Amino acid sequence: MASGTPPDDLPLEARPGPRPRRRSRRRPNPWVDRLLWAGGALCALLFALGLYGQQRVVARMADEVAQLRQQQAVPAAAALASASAAQPARPGQASSTAPVSMAPRPTATLAPSALKALQTPCQDVVPALAQYQRQFLAPMHYWGVHALRDLPAQRVTYLFAGPDAATAVSVFPRAQHLVLVANQTLEPAGAPSPAASVLASECQIWRFFARMGYFRTHDLDGRGGQRPRVAALLMQGLELADLRVSAAEYLSLDAQGDISPALLPEGQRPFGIRFHASRPDGSRVAVDYVTIDLSDAALRRNEAQAAALKQLLTSTVLMKAASHLPQEPSFSLVAGWTAQRAPAVVQDETGLSVQDLRAHFNLRYYGQFTQAHTLWQGKASAQALKTDVAASEVEPLLFTFGYEKPAGSLVVVGRRLGGGAGPATPSLAVHQR
């Protein structure tokens with residue numbers, strides 16, 4: 001047995017235990033501790049200052065927006081009409097001026113009780129919508145006043161819009177007439193009060209919109225739940241954009257493609273609806289929603305809707321979250337008419353292809369674009385736009401616009417080459433109060 005080795009036959013309790021480990025002990029250094037505490041406090045201070053600075057920027061933008069609304073308010077409709085009449089139209093210029101008659105037809109106006117019924121009580125969504133106003137709509141309004149001040153904005157046509165009235169009102173704060181075009185149908189005239197499940201569906205849609213800034217088609221179509229009231233979503237969107245609705249009327253479409261107010265019998269589904277509203281500065285705006293399927297197959301089937309759309313496309317055109325449909329062969333008609341007729345286009349990457357835009361418009365980019373949404377990354381049009389943006393000057397954008405993606409938001413502003421407009425067509429009648 002080796003010396004110092006305990007014998008194997010010793011009782012277990014008599015055997016020596018393991019040697020205690022020596023704990024490593026750091027020598028206290030008060031300077032290192034102080035530096036760590038100071039660094040942590042500095043990071044916390046910088047974080048707090050960053051949050052405070054962001055809130056100050058948003059508050060300042062909101063104040064500037066309020067001042068600009070007062071300073072750059074749209075003149076009264078009658079004054080604009082007389083001014084337009086005094087200036088002869090240039091050859092080849094499309095007419096998008098508001099007509100002389102600005103009052104809704106008494107027989108077509110919805111009753112106050114019908115307007116009041118277009119409300120969705122969603123108290124739990126109010127804080128989220130208020131945050132959306134501060135972080136998105138206020139910067140959108142500020143950008144629209146400055147970046148789009150030279151665009152024709154008496155009438156603006158918003159394609160693939162759904163009931164997204166808030167975006168159109170904020171991006172074009174000087175517009176007299178906004179027309180939202182989508183294929184979701186409105187509720188029949190005199191529809192009964194909505195069920196609790198419908199109201200719950202509308203509140204759920206507003207929760208999504210407050211977070212993402214756009215409507216999902218399957219939600220609007222009622223897939224997976226109750227179908228919401230399109231007119232109610234429109235009404236709430238106008239209120240979200242700080243507009244006060246004073247009247248509304250249903251719209252009809254005749255065989256020639258003319259859109260006008262109409263008195264509908266109970267149970268008949270309207271072609272569209274028009275809201276008469278006023279901004280906080282007192283200027284007035286008419287907001288239309290019309291149901292038009294923008295696919296080639298549908299437009300070829302319905303000549304009246306195609307004629308109406310051609311008239312609408314002589315205005316400045318807005319597109320956002322359009323699912324890249326204008327870049328598809330099955331939507332070539334609306335893409336071609338927009339490129340040929342519109343005096344200006346404001347869109348995200350899902351609107352017209354960059355090839356169509358470059359052929360007809362001078363382009364200006366805002367924001368960033370490194371890749372399309374995952375659903376459209378492989379599209380040739382997305383790759384072409386990525387190449388064009390990389391070779392162009394891109395200006396900053398202070399709000400989210402369109403689909404949320406790691407690449408960020410891109411807004412493309414196209415002004416027609418040569419400063420002219422597309423072929424002149426008869427202006428769409430606007431009966432605004």
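Of the residues LEU234, LEU240, which is within 23 Å of PHE208 (Cβ to Cβ) and at pLDDT 95 or above?
LEU234
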Could you tell me whether GLU404 is among the charged types (D, E, K, R), surrounded by fewer than 19 Cβ atoms within 10 Å (Cβ to Cβ), at pLDDT 80 or above and over 23 Å from GLY336 (Cα atoms)? no
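Go through the residues of region 234-256 one by one and say whether even a single one is within 25 Å of ALA306 (Cβ to Cβ) and free of Cβ contacts under 8 Å to residues at least 24 places away in the same chain.
Yes.
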Can you pull out the residues in region 260-294 that are farther than 18 Å from PRO188 by Cα and part of a strand (DSSP E or B)? HIS276, ALA277, SER278, ARG284, VAL285, ALA286, VAL287
Index of the failed condition, LEU264 passing every other in (1) in contact with a Phe, Trp or Tyr (Cβ under 6 Å, 6 or more places away or on another chain); (2) modelled with pLDDT under 95; (3) crowded, with 20+ Cβ neighbours inside 10 Å: (3)
Consider ARG433 against the criteria (1) of a type in the set (D, E, K, R); (2) closer than 20 Å to GLN327 by Cα; (3) modelled with pLDDT under 90: it satisfies all of them except one. Which criterion is unmet? (2)
Residue ranges of helices (runs of 4 or more DSSP H) in region 105-192 with at least 1 members without any contact (Cβ under 8 Å) to a residue 40 or more places away in the chain and crowded, with 18+ Cβ neighbours inside 10 Å: 138-147
Residues that are among the small types (Gly, Ala, Ser), modelled with pLDDT of 95 or more and more than 24 Å from the chain's Cα centre (by Cα): does region 274-291 have at least one? no
Residue check, PHE215 against (1) surrounded by fewer than 17 Cβ atoms within 10 Å (Cβ to Cβ); (2) in a loop (DSSP other than H, G, I, E, B), all met but one. Which one? (1)
Look at region 364-423 and say how many of its residues are among the acidic types (Asp, Glu) and part of a helix (DSSP H, G or I). 1
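The values are calculated or read from the model by the stated rules, or taken from the named source; none is laboratory data. Source: prediction; values computed, not measured. Ideal geometry is used to build each Cβ from the backbone, glycine not excepted, and the neighbour counts take in all protein chains shown.
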